[in-house]
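The values are calculated or read from the model by the stated rules, or taken from the named source; none is laboratory data. Just so it is clear, the model here is predicted, and its values are computed rather than measured. Neighbour counts are summed over all protein chains in view; Cβ atoms, including those assigned to glycine, are modelled from backbone coordinates with ideal geometry.
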Amino acid sequence: MLQSLNMHVGVEAFFCVVRNTPDYHMDPIWFFTSKAMKNYMPIAVPIWTAWDFSHVGTKLEAFAIAGCDTINLNRTSKQKANDMKCQIRDKINQMLMDITDNKQAMMQYVNYKELVIQRYGVELRLLDAINGKECKFVKLTPLQLKERRAEQQKKIDEGVISVKTRKPRKDKGTKHKQTGEQASDPESDKENTERREEPQGKKRQKKGPTSKETVGTLVENGGNNSG
C-alpha cells in the first residue's frame, strides 16, 4: 500500500515492526519506501554513536514490551527520578501553553519572573498546591503497601529493576593498626585520663624554690647579719 502511495501521489514513508510481548522471538522489521531515506536516517537523527537499525529496533522492542511506558524501562532510582522530573517539566510546560493559548510558550526557570510572569501575565503557584494539601503524601493501606512491595520484588526478581547494594570491604573483620597520634601506650592513656578527670577549679600547688634561689637567699641574709 505504501509503495502504491509512493508511486501515485508521491508519499515517502518508513516503519518498524516489533513485538510487544516476550512470549515469542521476532527480530525488528524495517521498511522504507526509498533507499535514500534509509541512508538519510543517520544524518536526520544524529546520535553519539553511528545509527544502527538493529540497535534502534531493539530499543523500540524493549519499549513496546514495557507497555510503551518509559517508567518501566528505568532500572535504577536515579533513572526513575530523572524520568519523573521530565514528566513534571512536560506537564508544567503543557499547562503554560494551555493557559496562554500559545503553543510556542516555553517554561523558564532561571529567568522565571521576566520570561514567564511579565511576558505571559501568568504565575505558577506550586506552593499554594502544597499549602492547600492538593500536593501531598498519601498514606497507603496495609493491602496497598503489600501490593506495592510484591510488585517491586517481582520486578527485582525478573531483572526489570536493579537494587544498588554496598560491596563488603575486603578487610572486613580485620583490626586496623593505629598510626601517628592515634597510637599510644596504656600508661600514657592512663595519665591523660587522670589529667582530664582533675577538677578545673583546683589550683596547682606552688613549686618550692630552686636550689639556686635558696643559695642566693642565704647569701643575702648572711650579708645583712654581718652588718
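Among the helices (runs of 4 or more DSSP H) confined to segment 73-157, the ones with at least 3 residues that are closer than 30 Å to L60 by Cβ are located at 77-100, 142-157.
Taking segment 35-52 only, how many residues are among the aromatic types (F, W, Y) and modelled with pLDDT of 80 or more?
Our first condition is that a residue be among the aromatic types (F, W, Y); within segment 35-52, this holds for 40, 48, 51.
Those still in the list that are modelled with pLDDT of 80 or more too: 40.
Selection size over segment 35-52: 1.
Taking residues in segment 137-161 that are within 24 Å of I65 (Cβ to Cβ), and partners anywhere that are of a type in the set (K, R) and in a loop (DSSP other than H, G, I, E, B), the pairs with Cβ atoms closer than 6 Å and at least 6 places apart or on different chains are I161/R75.
Only one entry in N82, N102 is exposed (fewer than 14 other Cβ atoms within 10 Å of the Cβ), on the phi < 0 side of the Ramachandran plot and either among the basic types (K, R) or at pLDDT 90 or above (or both), namely N102.
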